[in-house]
Amino acid sequence: MSLQDSGNPDPQDPGAAPPGSARRGRPRSEAVEQAIFDAVGGLLEDGVALTELSIERIARTAGVGKATIYRRWPGKEELFVELLRSVEPQDPVLTGTSVRDDLVMLLEMLRQRGLAKRSSALLHNVFSQMQAYPKLWEAYQNTVIEPRRRMGLDTVRRGMELGEIRDDLDVEFVNDLFTGPLLLRTVIRPGATLEPDLAEQVVDAVMEGLRPRP
């Protein structure tokens, strides 16, 4: 029987369920998860490639059992994605009261993410390797990028429905007009300036050009 299938609690996991008890409602230990994240970060700093990081090696470095990791993540790709999300700025909670303000919040998140990528060795390391790791790239796309893209599309649609954005254009195309400048400066031109009011500049300029025609 594998460790992840074993019913025995991991003595190194404070959140592990005692013998005979249900796992539902088991508290998660932030200290244990941080130790796991720190282990991944340390291994990457030591030059270990993402593709060479195994659950067993991560568990050994973190000082926990493999079962501790498998109770939290089904595989290492999910672990890596959550590690990235713990370092990146949190996604905004849109108010839904102003299309313009919601778009600014979304683009500001992209700006903050760009700044974090520049200042975090861990983020830079992982993203530089991600394209060569298709399973991780797919997991990140599905769980992080796609939900963010849907928030942008929903906001653009709302702007069209409210008459703030012309509705004779493709929604995805319009969304790209808003996000394009931020992606250009954070991905294609990583040395470009990311001034504090960049999100507002982009949203106001694009919305001015996309006003419904009389």
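The values are calculated or read from the model by the stated rules, or taken from the named source; none is laboratory data. In this text, all values refer to a predicted model and were calculated from it rather than measured experimentally. Methodologically, a virtual Cβ is constructed for each residue, glycine included, from the backbone with ideal geometry; neighbour enumeration extends over all protein chains shown. For accessibility, only protein heavy atoms count, side chains too; no ligands or nucleic acids. Shrake-Rupley method; radii C 1.70, N 1.55, O 1.52, S 1.80 Å.
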Checklist entry - Projected onto the charge dipole of the chain (+1 at Lys/Arg Cβ, -1 at Asp/Glu Cβ, origin at the Cα centre), which of Ile55, Met207, Met151 gives the Cα projection farthest towards the positive end? => result Ile55
Checklist entry - Any idea which of Leu162, Ala116, Ile188 is furthest toward the positive side of the dipole for the chain, if Lys and Arg beta-carbons carry +1 and Asp and Glu beta-carbons -1? => result Ala116
Next on the checklist: I'd like the accessible area for Ser54: 1.4 Å probe, protein heavy atoms, all chains in place, Å² to the nearest 10.
Outcome noted: 50
Item to check | Of Pro134, Pro89, Pro181, the one that fluctuates the most in a GNM where the chain has Cα springs shorter than 10 Å | outcome: Pro134
Checklist entry - Can you give the net charge of the other residues whose Cβ lies under 15 Å from the Cβ of Leu53, counting K and R as +1 and D and E as -1? => result -3
Checklist outcome for this item: To the nearest 20 debye, the chain has a Cα-centred charge dipole, built from +1 on Lys and Arg Cβ and -1 on Asp and Glu Cβ, of 480
Checklist entry - How far, in degrees from 0 to 90, does helix 99-119 lean away from the longest principal axis of the Cα atoms of the chain, to the nearest 10? => result 50
Checklist entry - Accessible area per residue of the chain at 1.4 Å probe, in Å²? => result 55
Next on the checklist: I'd like the carbon and sulfur percentage of the solvent accessible area for the chain, probe radius 1.4 Å, heavy atoms only, ligands and nucleic acids excluded.
Outcome noted: 52
Checklist entry - Along the three principal axes, how long is the stretch 93-179 when you take its alpha carbons, biggest first, rounded to the nearest angstrom? => result 43, 24, 19
Checklist outcome for this item: Probe 1.4 Å, all chains present, heavy atoms only: Lys135 accessible area in Å², nearest 10, is 130
Checklist entry - Candidates (1) 1.32; (2) 1.25; (3) 1.00; which is the computed Cα Rg over 2.2 N^0.38 Å? => result (2)
Checklist entry - When the chain is modelled as a GNM with alpha-carbon springs shorter than 10 Å, which of Val48, Val64, Val126 fluctuates the most? => result Val48
Next on the checklist: I'd like the accessible area for Met160, computed on protein heavy atoms only with a 1.4 Å probe and all protein chains in place. Round to 10 Å², please.
Outcome noted: 30
Item to check | Using alpha-carbon coordinates, inclination of helix 146-161 to the longest axis of the chain, degrees | outcome: 30
Item to check | Relative contact order (%) - criterion: Cα under 8 Å, at least six apart; region: the chain | outcome: 19
Next on the checklist: If I fit a long axis through the Cα atoms of helix 121-130 and take the longest principal axis of the Cα atoms of the chain, what angle between them do I get, 0 to 90°, rounded to 10?
Outcome noted: 80
